[in-house]
Amino acid sequence: MKNKILIVWVSTGDYTKRFPKFISTLNNFLPECDKWLAIFSDTELGWFRSYGKNVYSIKYYHPIDHEPWPFITLKKEFYILKAIEASYRLSYPQFVCYCNSNIEFRHEIECDEILKLDKISVCHNPAWWHEGCDPNKFTYGKPIDPKFKCAIEGYYEYLQAAFYIGPTELMKELSESQMEMMSYDLAHNRIPPFHDESYFNKWCHDNMNKINILPKEYLMDYDRKDLFECPDPKIVMTNSDDTQYEYKDKYFK
């Protein structure tokens, strides 16, 4: 029996420009699986039906508003949970995958490479490797103010919430935990320095036995792949400098 994979793709505004590349490379991703795509966007993207014939099926489309950054990304976990709930009415997916809008699958990836029955496969931020895997040198960093629900104590490995995949129930646990932390902080007018990724890293840090960290070729900045010594990655993130979001962090302390 084929594995059923629910893929969640959230994009509004200029970021919808990324959809053709994403969908046209999706045939490289788990080709032996049945893939369903749940789209959350302010654009109907009706032309997607010309891509990926016999590669995927659209099981869910939900219109959402284009919101200022970082609110759109803070709601990501809500959309993932909504997609899972909607998929239950169709047929239960064994795995759920989240992809940023600028993700492209450059080489074929098979099930045994990334699918784990008891773990979520995650990736470091590509720059993590470039900085020698040293949290003291990495330009991002963990929230150290204990008032944040996502504050991390001790050593940590910075993970990027751009691409991750795991068994459905475990992905639900991850999303629900992030929603709980985020809701508390927002109620107190607080947004952590790296938005949804701060909550993602907190859950992963506290649940290391539930994650599988993939090698760097599974998530790499396309423009810096040579600098980061990964010239032929399987999954890339393309440059998003041509996208625009109104930034709202200034309203929060």
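Values quoted throughout were computed directly from the atomic coordinates according to the rules given, and no laboratory measurement underlies them. Small disclaimer: the values here were computed from a predicted structure and weren't measured. All Cβ positions, even for glycine, are placed from backbone atoms using ideal geometry, and neighbour counts span all protein chains on display.
Exposure proxy check: HIS107, HIS124 ranked by fewest other beta carbons within 10 Å? Let's see the in-between values first.
Details: HIS107 13, HIS124 19.
If I rank by nearby Cβ atoms, fewest first, I get HIS107, HIS124.
Between TYR184 and GLU169, how many nm apart are label points set 7 Å from Cα along the C-beta direction?
So the label points at TYR184 and GLU169 sit 2.5 nm apart.
For VAL96, which sequence-distant residues (separation of 5 or more, or a different chain) have an amide H within less than 5 Å of its own amide H, given hydrogens modelled in the peptide plane?
Counting only residues 5 or more places away or on other chains, the set is LEU6, GLY166, THR168.
Using packing as a proxy for protection, rank 196-205, 182-191, 10-19 so that the peptide with the highest average count of other Cβ atoms within 10 Å comes first. Each step should come with its number before you reach the end.
Working: 196-205: 22.9, 182-191: 14.7, 10-19: 19.6.
Highest-to-lowest ranking by the protection proxy: 196-205, 10-19, 182-191.
Show me, for region 65-77, the HN-Hα J-couplings you get by feeding each phi into the Karplus relation (A = 6.51, B = -1.76, C = 1.60, θ = phi - 60°), rounded to Hz, glycine and proline as x.
7, 7, 10, x, 5, x, 5, 5, 7, 5, 8, 3, 5
Please list, ordered by chain and number, the residues whose modelled amide H lies under 5 Å from the amide H of ALA162; skip anything fewer than 5 residues away on the same chain.
Counting only residues 5 or more places away or on other chains, the set is empty.
What does the highest-first list of 173-179, 146-152 look like by mean Cβ count within 10 Å?
Values: 173-179: 20.4, 146-152: 17.1.
Highest-to-lowest ranking by the protection proxy: 173-179, 146-152.
Can you run phi through the Karplus equation (6.51, -1.76, 1.60; θ = phi - 60°) for region 193-200 and list ³J(HN,Hα) in whole Hz, with x for Gly and Pro?
x, 10, 6, 4, 5, 5, 5, 4
Would you mind ranking MET237, MET181 so that the residue whose beta carbon has the fewest other beta carbons within 10 Å leads the list?
Details: MET237 23, MET181 20.
The fewest-first ordering by Cβ neighbours comes to MET181, MET237.
Please go through the residue pairs LYS76/LYS225; LYS172/LYS202; LYS202/LYS225; LYS116/LYS172; LYS119/LYS172; LYS172/LYS216 and name each one whose alpha carbons sit more than 18 Å apart in this structure.
Working: LYS76/LYS225 27 Å; LYS172/LYS202 16 Å; LYS202/LYS225 27 Å; LYS116/LYS172 15 Å; LYS119/LYS172 12 Å; LYS172/LYS216 25 Å.
Over 18 Å apart, Cα to Cα: LYS76/LYS225; LYS202/LYS225; LYS172/LYS216.
Sequence-distant or interchain residues sharing an amide H contact under 5 Å with ILE211, placed H: which?
The answer is ILE120.
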